[in-house]
1. Of 21/217; 90/241; 42/154; 148/168, which ones are farther than 28 Å apart at the Cα?
2. What residues qualify as long-range amide H neighbours of residue 85, i.e. H under 5 Å apart, gap of 5 or more or another chain, H built at 1.01 Å from N?
3. Taking a quarter of the surface of the convex hull around the Cα atoms of the range 175-253, what do you get in nm²?
4. Between beta-carbons, use under 15 Å as the cut-off and find the net charge around residue 182, counting Lys and Arg +1, Asp and Glu -1.
5. Within the set of other residues whose C-beta is less than 11 Å from the C-beta of residue 72, count the net charge using Lys and Arg as +1 and Asp and Glu as -1.
6. Please work out the Cα center distance from the range 15-47 to the range 118-176, rounded to the nearest Å.
7. Residue 155 versus residue 102, label points 7 Å from Cα toward the beta carbon: distance in nm?
8. On C-alpha positions alone, give me the angle between the axis of helix 10-22 and the longest principal axis of the chain, in degrees, nearest 10.
Amino acid sequence: MVLYFSGTGNSRRVAECLGEKLNEDVFPLVRFIETDSVCVLKEHEALGIVFPVYSWGPPIVVLDALTRLQTCHVPDFIYFVCTCGDDVGKTADILKNAIAHKGWECEAGFSVMMPNTYVCLPGFDVDSERLANLKLCNMKERIAFIAKCITERKAVFDCHEGMFPHVKSYLIRPLFNRFLISPKRFRVTNNCISCGKCVQVCPLHNIRLDGYPVWGKHCTMCLACYHHCPEHAVEYGLWSKGKGQFALKEERG
């Protein structure tokens, strides 16, 4: 089974492709948390967790979901795949520790480079169309490699940590989580047509429509609302002004 968390579709696409290669079911991770249901695994089935990297670490919502995830028995083989625009820092260590706190062991982990989606700070924007397409093309070969490793139950960690991974994950990331994960700066421009798309795509059901979108407190900064807006009307303060959008549509039913 493959469980994923995704806002703009990068991690969902990777999970879908991996599920097809492995012939396994693919589900949103939050489904089991929202319904408080048990994840039913087949005998000797592997469990994969696919998620995006936020500031060189797993999203807090993913770590919280893992602590609450219930399975009918301990998975036979646990692995993760993290999607990133570039490098992932010490994401692997953080995720392995979170799984170890459940009394489980994470036996493999991989990173997959996907199109950039973070636009909420100066100097950050989406990739050019050419670079985004190149990353998506390379992703297919990468998924084939990962699927082979999972099928063969290889205990391997193949993640692109990048430069100064400890500084990024253990110094910058905590500051990012404390000060920059906030829905307070989200707003809509006069282009908003109150279509409710942002409400539909929010994976945490954190947005309601009261004439115009209203953001609640349960935000993980996935930016699904920003990237899926058909009128490009969602902004994050002034930092996202004039920047691009990127979102992938679901391929599997």
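Any read-out appearing in this document is the output of simple, stated calculations on the displayed coordinates, not a laboratory observation. Being a predicted model, the structure only gives us computed values, none of them experimental. Glycine also receives a Cβ, built like all others from the backbone with ideal geometry; neighbour counts cover every protein chain displayed.
1. 21/217; 90/241; 148/168
2. Distant-sequence amide H within range of residue 85: 114.
3. Taking a quarter of the hull surface, the average projection is 5.9 nm².
4. +4
5. The answer is -1.
6. Centre-to-centre distance over Cα atoms comes out at 22 Å.
7. For the pair residue 155/residue 102, the computed spacing is 1.9 nm.
8. In the chain, helix 10-22 runs at an angle near 30 degrees to the longest axis.
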